[in-house]
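J.: Please see the structure below; I have some questions.
None of the figures in this text is laboratory data; all of them are computed from the coordinates on show. Since this is a predicted model, take the numbers as computed values, not measurements. Cβ sites come from the backbone with ideal geometry, for glycine too, and all protein chains shown count toward neighbours.
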Amino acid sequence: MTLVYSVQAPSVNPQGSVMAIAYRNAMNFVSKSMTVKLVTGANGWLGSSLMNALQKDGEIRGADLINSNTSSKIDIRNSDHCNVFCQNSKGGVLFHTAGIIHPEKVKDFYAINVEGTRNILEAAVAAGIKRAVIVSSNSPCGCNPKTGDLFDESSPF
């Protein structure tokens, strides 16, 4: 599996700008030979846009905490859910857009954004997925101290 990282430009805010860049970059990694495409966070802004764009070629599977007519309900904190979602997708590509930005509890940042990402990547490797594209929000390290504050490379974590 090839891991591709989408890096934010310094001081990019609001989230929409980062997500638009991530969407454009993600589309560059789709190959027509990758018949299975999996999208986590399929009901979010980026995930739903990816689902629409990817439906043109091959099989596409979406997953989110909220079940819909275009996605299955999975919780990436549950490794069994991730394994079932990734089954029968050898040679495919995973677009991991699921994550949490404003949790009720800080520990949910870690449980979802770190452990959940680890779970979906381990399931992808076990299923033989060829490539993973992982994107992040503009809040990868927590909440800004004040509403107007921006994260950049010099921000304390």
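J.: Under 1.5 on a/c is rounded, so check that first for the stretch 55-124, then, if it is not, pick prolate when a/b is larger than b/c and oblate when it is not; a ≥ b ≥ c are the square roots of the alpha carbon gyration tensor eigenvalues.
T.: Note, shape of the stretch 55-124 comes out prolate.
J.: What residues qualify as long-range amide H neighbours of Arg61, i.e. H under 5 Å apart, gap of 5 or more or another chain, H built at 1.01 Å from N?
T.: Lys37, Leu38, Val39
J.: In nm, what is the difference between 0.36 nm times the number of residues separating Ala126 and Lys90 and their Cα-Cα distance?
T.: Contour length minus Cα-Cα distance gives 12.1 nm.
J.: Just how far, in whole angstrom, is the stretch 87-113 from the stretch 38-74 if you go by their alpha carbon centroids?
T.: Value for the Cα centre distance between the two parts: 13 Å.
J.: Here's a follow-up. Which lysines have a Cα lying under 27 Å from the Cα of Lys37, excluding residues fewer than 8 positions away in the same chain?
T.: The reachable lysines, counting only those whose Cα sits under 27 Å from Lys37, are Lys56, Lys73, Lys90, Lys130.
J.: Run the quick spin-label model on Glu115 and Ser154: label points 7 Å from Cα toward the beta carbon, then report their separation in nm to one decimal.
T.: Rounded to a tenth, the inter-label distance reads 3.6 nm.
J.: Determine the sum of side-chain charges near Phe95: Lys and Arg each +1, Asp and Glu each -1, restricted to other residues whose C-beta is under 11 angstrom from that of Phe95.
T.: Neighbourhood net charge equals +3.
J.: Could I ask something else about it? In straight Cα distance, which lysines are under 19 Å from Lys105, not counting same-chain residues fewer than 8 positions off?
T.: In chain and number order, the partners are Lys146.
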